[in-house]
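Just below is one structure, and these are the notes that go with it.
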Amino acid sequence: MSRRKSTLKLTTGECIDEVQRLLREKLSHDSVTTQVFGLETQRRHLLDIIKRCVNMGESNSAIIIGPRGSGKSMILKSILEEVKLEDNVQDNLLEVHLNGLLQTDDKVALKEITRQLQLENTVGDKVFGSFAETLSFLLEALKSGDKKTSRPVLFILDEFDLFAHHKNQTLLYNLFDISQSAQTPIAVFGLTCRLDVIELLEKRVKSRFSHRQIHIFSSLSFDEYIDAFLDILSLPKTFPDKNFTKEWNSHIQSLNDDNITIDVLRRIYQNNKSIGALKRLLLLPVCRLSEDHPFIRSTDLLESCQYLTMDSKAAMLHGVSVLELCLIIAMKHLTTLYDGDPVNFQMVYNEYQKFIQRRGHSVQCYEKAVVLKAFEHLLALEMIKPADGGQRSQKEYRPMMLLVDAMQIDDALQKYPNCPTEVKQWNMTEFHA
């Protein structure tokens, strides 16, 4: 059966569908099948803590700190996948995943712990005097003998800093307290972006924390970044059609020699070294695969890069009206004249009127009320913002600041469909009061 499967030949369409399924899984679900790049030291440290808890019943706690997308969750997932392959761990290890954005107080967190440990029937209608009693009862229910034969529990607290805002930090106190005692073996891992997270903890919580901090700052070199690119896109040996696998992997290797591909990867690398950013770059090219377009091309990567690095403010400017463009140009000229000081609507309206009188034979003239409405729309789009700290003042005289720069305006005018020539010329003209 296995020999027949290994020599299976699929149609091109079936191959593409299977490729998309595999690669989308890699790109969209933090797949742990891809190699962990640039974080080997941190991974070994975490693996040692988890193995000590699982195999020796040694409780511990640690906080994993790093910016978003740096690989905090990915490392933990890859370690758990590895640990679960051991025979004595598969049916023994328990995991509890909590998130500070979802479990907003300790009662909600306790319900979630009970649900994930599947102990709803054990708790039943019992009444407990405190949070600590309830948690202790839950963990006691998992014991199957002494410390060595009790089922180890891993608590993974995402957005850990938000748990520090819970009343009295009861959940953290009890988890860290149990991890310091000789009760059920547990390991508590907090994942956070905040470097000052320890300062948020109460004194009694700090005293029970192991003070083990693991910092995840990717030190990926560009060569390792390219290796990650090739690793993500390459098909595994288990892919059904061996001929297509060979052809696909050969094509992916050839991308590595393409100057456009290298330039795109370098641009993304210089902006964001995380594997998450690389996966976002590859998602669009993978989704565009079809029978007519069976392989990823360097131009697909270039187009995806342009989408990812697109200036959102400049893109929004492409959708505003000609009147709103005129107001932005008027505001730009006034801001330059007054060295960046705020300007109000009345000043902008006066400049708009001057432009209409000088060159506006091809630009429609609007009444003041309509112009004010357009100005308010720019405020709603956050192209401009009040500079008076929220103080109430008459609409026409409220000081405003422009939130788009000259380069963004120039780019928008170049790409704006059917933009009047007079408006473009006005933008390029040096302003004089």
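The values are calculated or read from the model by the stated rules, or taken from the named source; none is laboratory data. Being a predicted model, the structure only gives us computed values, none of them experimental. Cβ sites come from the backbone with ideal geometry, for glycine too, and all protein chains shown count toward neighbours.
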- [ ] Identify all residues within the stretch 232-261 that are surrounded by 16 or more Cβ atoms within 10 Å (Cβ to Cβ), in contact (Cβ under 8 Å) with a residue 24 or more places away in the chain and assigned to a helix (DSSP H, G or I); write none if there are none.
- [x] Ile232, Leu233, Phe244, Trp248, Ile252, Leu255, Thr261
Task: helices (runs of 4 or more DSSP H) wholly inside the stretch 323-433 containing at least 1 residues that are of a type in the set (A, V, I, L, M) and exposed (fewer than 12 other Cβ atoms within 10 Å of the Cβ) - done: 368-380, 406-415, 421-428
TODO: Please tell me if Arg52 is surrounded by 14 or more Cβ atoms within 10 Å (Cβ to Cβ) and either more than 26 Å from Leu162 (Cα to Cα) or at pLDDT 85 or above (or both).
DONE: yes
- [ ] Can you tell me which residue within the stretch 6-38, out of those that are over 27 Å from the mean Cα position of the chain (by Cα) and within 17 Å of Lys237 (Cβ to Cβ), is modelled with the lowest pLDDT?
- [x] Ser6
Task: Matching residues in the stretch 90-105 - criterion: being at pLDDT below 85 and either within 22 Å of Gln42 (Cβ to Cβ) or crowded, with 21+ Cβ neighbours inside 10 Å (or both) - done: Leu93
Open item on the list: Against the conditions (1) more than 23 Å from the chain's Cα centre (by Cα); (2) surrounded by fewer than 20 Cβ atoms within 10 Å (Cβ to Cβ); (3) at pLDDT below 90, where does Arg212 fall short? Just the number, please.
Closed with: (3)
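Here's the yes/no breakdown for (1) farther than 17 Å from Tyr173 by Cα; (2) modelled with pLDDT under 85:
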position: Leu47; (1), (2): yes, no
position: Ala62; (1), (2): no, no
position: Lys77; (1), (2): yes, no
position: Asn88; (1), (2): yes, yes
position: Ala109; (1), (2): no, no
position: Arg115; (1), (2): yes, no
- [ ] Within the stretch 204-220, identify whether any single residue is touching a residue at least 12 places away in the same chain (Cβ under 8 Å), farther than 17 Å from Lys26 by Cβ and assigned to a helix (DSSP H, G or I), and answer yes or no.
- [x] yes
